[in-house]
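The block underneath contains the structure these notes are about, expressed in structure tokens.
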Amino acid sequence: MSPVAWVSDIGAGVRASITGLGQFARLVLQLFMLLPKAVLRPRLIIDQIHFIGNYSLVIIVVSGLFVGFVLGLQGYYTLNRYGAEQALGLLVALSLVRELGPVVSGLLFAGRAGTSLTAEIGLMKAGEQLTAMEMMAVDPRARILAPRWVAGLVSMPLLAALFSAVGVMGGYVVGVLLIGVDSGAFWSQMQAGVDFQDDILNGVIKSIVFGVAVNAIALFQGYECQPTPEGVSRATTRTVVISSLTILGLDFILTALMFSV
């Protein structure tokens with residue numbers, strides 16, 4: 001390959017990336033502008049909350065329980081070295097509320113709900129259902145994308161909170177019921193050390209931001225995918241990869257902003 005062709009390929013790739021980012025930003029802005037119209041269709045939103053949130057409930061609860069088991073076990077052995085095993089409840093709660101709850105639930109949400117949204121909208125596009133709606137003067141963004149957008153924004157913080165709550169119970173089962181940490185110390189240390197604004201509220205903010213990012217990526221990938229089986233497959237894969245990397249990157253940025261001195 002000649003140097004000219006090599007530079008041309010790089011330029012074409014950069015231009016395509018910038019174009020994609022512009023289209024993504026425009027779609028997100030349109031979705032925010034369509035929020036008032038979407039709220040006026042509560043039945044559609046409820047159906048999508050059931051589809052996105054309820055069907056993700058099992059994997060969130062089971063994963064949160066086992067993460068709590070591991071935190072309780074590893075946390076006890078680590079704290080026991082320094083004679084601080086009574087602080088196990090605080091360790092489990094802070095780990096879940098600050099980081100693991102929003103991040104892990106966001107990754108699971110992207111893998112389960114995000115891929116479902118992308119595949120569903122991609123198949124609608126491949127079946128020309130979106131084109132048919134446009135022919136009937138129905139905006140597919142308002143009818144298809146906006147209710148799913150609102151449902152994702154509602155479901156993600158609730159799933160993250162449920163993940164953290166179940167994880168704390170998993171840590172209690174391992175630490176108190178199996179290992180023998182004092183139950184009163186477990187809960188009292190947690191209540192004394194977990195702050196609502198610095199810990200719980202920051203975790204909720206993270207989950208909301210992750211929900212915005214995952215839903216936007218999933219809807220964009222489905223709406224802009226190639227209307228072929230291969231195009232839908234690639235869009236679904238891109239949703240998982242891009243959403244996972246975005247969650248981890250945003251987690252670092254938000255943590256640096258929230259807990260910087």
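The values are calculated or read from the model by the stated rules, or taken from the named source; none is laboratory data. Because the structure is predicted, anything quoted here is derived from the model rather than measured. All Cβ positions, even for glycine, are placed from backbone atoms using ideal geometry, and neighbour counts span all protein chains on display.
Quick rundown of the values:
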quantity: Selected residue [more than 30 Å from GLU128 (Cα to Cα), surrounded by 18 or more Cβ atoms within 10 Å (Cβ to Cβ) and modelled with pLDDT under 90] from VAL181, VAL166; calculated: VAL181
quantity: Looking only at region 215-261, and only at residues there that are more than 15 Å from the chain's Cα centre (by Cα) and of a type in the set (Gly, Ala, Ser), the one that is nearest to VAL204 (Cα to Cα); calculated: ALA256
quantity: Verdict on ALA84 being surrounded by 17 or more Cβ atoms within 10 Å (Cβ to Cβ) and either of a type outside the set (Asp, Glu) or touching a helix residue (DSSP H, G or I) at 6+ places or on another chain (Cβ under 7 Å) (or both); calculated: no
quantity: Residue match in region 129-147 (condition: over 22 Å from ILE45 (Cα atoms), out of contact with any strand residue (DSSP E or B) (no Cβ under 9 Å at 6 or more places or on another chain) and buried (at least 21 other Cβ atoms within 10 Å of the Cβ)); calculated: no
quantity: Helices (runs of 4 or more DSSP H) fully within region 97-137 counting 3 or more residues that are closer than 17 Å to ILE208 by Cβ; calculated: 101-109
quantity: Total residues in region 71-81, condition surrounded by fewer than 20 Cβ atoms within 10 Å (Cβ to Cβ) and in contact (Cβ under 8 Å) with a residue 40 or more places away in the chain; calculated: 1
quantity: Restricting region 189-212 to residues that are without any contact (Cβ under 8 Å) to a residue 60 or more places away in the chain and of a type in the set (S, T, N, Q), the residue that is surrounded by the most Cβ atoms within 10 Å (Cβ to Cβ); calculated: GLN191
quantity: Subset of region 29-69 [exposed (fewer than 15 other Cβ atoms within 10 Å of the Cβ) and aliphatic (A, V, I, L, M)]; calculated: LEU29, MET33, LEU35, VAL39, LEU40, ILE46, LEU57, VAL58, VAL62
quantity: Among residues of region 204-234, those that are at pLDDT 90 or above and among the small types (Gly, Ala, Ser), counted; calculated: 5
quantity: Any pair with Cβ under 8 angstrom, 6 or more apart, that starts in region 12-33 at a residue that is over 17 Å from ILE242 (Cα atoms) and ends at one that is surrounded by 11 or more Cβ atoms within 10 Å (Cβ to Cβ); calculated: GLN30/ARG141; LEU31/ARG141; LEU31/LEU145; LEU31/ALA146; LEU31/TRP149; LEU31/ALA216; LEU31/LEU219
